[in-house]
Amino acid sequence: MAVVVGVVVALGVFGGLHWYLWRRLVRDTTVRGSIARRVGTGVLIAGPVLLIGAFVAESAGIPFLLIQIIAWPGYMWGALFIYLVLWLLVGELVRPFVRRWITRSDKAPEDVLIPATGGADTAPRDEPEAPVSRRLFVSRAVGGAAALAAVSTVGYGTHSVLSGPQVKRLTIPLANLPRAAHGFRIAVVSDIHLGPILGRGFAERVVETINGTQPDLIAIVGDLVDGSVEHLRSAVEPLARLRARHGAYFVTGNHEYFSGAEQWMEHVQELGLHLLANSRTELPYFDLAGVNDIQGKRIGQGPDFTAALGNRDLARTAVLLAHQPVQIHDAVEFGVDLQLSGHTHGGQVWPGNFLAELANPTVAGLERYGDTQLYVTRGAGAWGPPVRVGAPSDITVVELASKQA
């Protein structure tokens, strides 16, 4: 019942905000019956329909080509919707000052007149266009500026994702790390989200970037895909070309469990990745462990810290791969020295970082919890719209430092 109520409330808010967009961007800026009003209304109906369609398309079992066709405009509308609302709210603050300036300024355009009977909707349809009212002028100025700002913001954010992740370098001292391991480099990549939008070309860019760092080890910390092995076999194929002296390792993220996790666990191994499913491997200088994502509980494959970290030599340094930062609390109990995570995307689109902070102990970067350090990468790709604002994508090269060196 609570879920139903939540869905109804969410749809109500979603619909209400779209009505607000229609009012400010269409009704207040166009003449009733005009082509501009019909087009604007059509866009504000098609946009949310495509967005909802993009969310449900994969689970509906429709052909992957159709999913791709729906995903691009649907998810892009989602990002544009967010920033249209935000910039229009800024416009509400500016609107009174613009109206006052037009009213009082001697420099106001001569054709800006106050009509005798009201706003834009009263303009005759069959007569030549009359000089616009001050109200219509202000609505067009504020709405146009908000739309331009929203499109520019989304355009910048899209370029940020499609141009590929940047390499970030970070040195993390570990108390128990032996001198021989000083300078050991782990390329940490998470949240690539290969799917109907980010495909093979993006995967090739990520692989090229990782290999270019010449890491000692590669850690793929979940959310590799959004889709089935059948649909994304070609997209993930470049991962077979990942190269590191000690290999590439993979743990599941929550999105793998929406996409056929068991099939993906098998397929990543066919690509040459080492699967850490509630298990660990003893490397020459430290233990590398990995746990399944929390979402795995749905199919009886949730995280098992005892299986991954129990009965190990506590004198050895332990590095844990765990998709979600919230798993840090278990990591602390099991004496992990360093946990590497993703999941948050750093919020992906501002102000999403504030929401991410409510659900995660660390949204991005390095923090200490007791004797355990947690590093959270913002991820390489994007979920939903291929847009990032205020949360640039990254592949982080973590260099381990021995305090004995």
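Key figures for this structure:
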{"item": "Residue within segment 317-330 that is at positive phi and part of a strand (DSSP E or B) present", "result": "no"}
{"item": "Criterion violated by Ala356 - all others in (1) modelled with pLDDT under 95; (2) over 27 Å from His182 (Cα atoms); (3) small (Gly, Ala, Ser) satisfied", "result": "(1)"}
{"item": "Count of segment 234-258 residues which are of a type in the set (S, T, N, Q) and buried (at least 20 other Cβ atoms within 10 Å of the Cβ)", "result": "1"}
{"item": "Close pairs from segment 77-97: first more than 24 Å from Ala54 (Cα to Cα), partner surrounded by 17 or more Cβ atoms within 10 Å (Cβ to Cβ), Cβ under 6 Å, at least 6 apart", "result": "Trp87/Ala146; Trp87/Ala149; Trp87/Ala150; Leu88/Arg24; Leu88/Ala146; Gly91/Val142; Gly91/Ala146; Arg95/Val142"}
{"item": "Pair list, Cβ < 9 Å and 6+ apart or interchain, from segment 50-76 residues that are among the charged types (D, E, K, R) to residues that are assigned to a loop (DSSP other than H, G, I, E, B)", "result": "Glu58/Gly195; Glu58/Pro196; Glu58/Asp226; Glu58/Gly227; Glu58/Ser228; Glu58/Ser259"}
{"item": "Subset of segment 152-180 [over 22 Å from Phe286 (Cβ atoms) and in a strand (DSSP E or B)]", "result": "Gln166, Val167"}
{"item": "Only one of Phe202, Phe184, Phe137 that is more than 27 Å from the chain's Cα centre (by Cα) and either under 30 Å from Asp287 (Cβ atoms) or modelled with pLDDT of 95 or more (or both)", "result": "Phe184"}
{"item": "Residue match in segment 210-223 (condition: touching a residue at least 24 places away in the same chain (Cβ under 8 Å), aliphatic (A, V, I, L, M) and over 24 Å from Leu283 (Cβ atoms))", "result": "no"}
{"item": "Meets criteria (farther than 27 Å from Pro386 by Cβ and either part of a loop (DSSP other than H, G, I, E, B) or free of Cβ contacts under 8 Å to residues at least 24 places away in the same chain (or both)) for Trp101", "result": "yes"}
{"item": "Failed criterion for Trp19 (all others in (1) of a type outside the set (A, V, I, L, M); (2) in a helix (DSSP H, G or I); (3) in contact with a Ser or Thr (Cβ under 6 Å, 6 or more places away or on another chain) hold)", "result": "(3)"}
{"item": "Members of segment 30-73 found to be closer than 18 Å to Ile197 by Cβ, assigned to a loop (DSSP other than H, G, I, E, B) and of a type in the set (A, V, I, L, M), listed by number", "result": "Ile62"}
{"item": "Residue satisfying all of: in segment 358-405; in contact with a helix residue (DSSP H, G or I) (Cβ under 6 Å, 6 or more places away or on another chain), more than 27 Å from Ile82 (Cβ to Cβ) and among the polar types (S, T, N, Q); surrounded by the fewest Cβ atoms within 10 Å (Cβ to Cβ) among these", "result": "Gln404"}
{"item": "Residue identified as on the phi > 0 side of the Ramachandran plot, of a type outside the set (S, T, N, Q) and not in a strand (DSSP E or B) among Gly296, Gly346, Gly302", "result": "Gly346"}
{"item": "Residue ranges of helices (runs of 4 or more DSSP H) in segment 195-288 with at least 1 members farther than 23 Å from Ile67 by Cβ", "result": "200-212, 261-270"}
{"item": "Segment 270-309, residues that are under 30 Å from Gln404 (Cβ atoms) and touching a residue at least 60 places away in the same chain (Cβ under 8 Å)", "result": "Leu283, Pro284, Tyr285, Phe286, Leu288"}
{"item": "Meets criteria (modelled with pLDDT of 95 or more, surrounded by 13 or more Cβ atoms within 10 Å (Cβ to Cβ), over 30 Å from Leu340 (Cα atoms) and aromatic (Phe, Trp, Tyr)) for Phe81", "result": "yes"}
{"item": "Odd one out for Gly253, checked against (1) among the small types (Gly, Ala, Ser); (2) closer than 11 Å to Leu321 by Cβ; (3) without any contact (Cβ under 8 Å) to a residue 60 or more places away in the chain", "result": "(3)"}
{"item": "Those residues of segment 290-315 which are over 26 Å from the mean Cα position of the chain (by Cα), modelled with pLDDT of 95 or more and either under 17 Å from Leu177 (Cα atoms) or crowded, with 17+ Cβ neighbours inside 10 Å (or both), in sequence order", "result": "Phe305, Ala308, Leu309"}
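The values are calculated or read from the model by the stated rules, or taken from the named source; none is laboratory data. For clarity, every value in this text was computed on a predicted model and none was experimentally measured. Quick reminder, even Gly has a Cβ in these numbers, built from the backbone with ideal geometry, and neighbours come from all protein chains shown.
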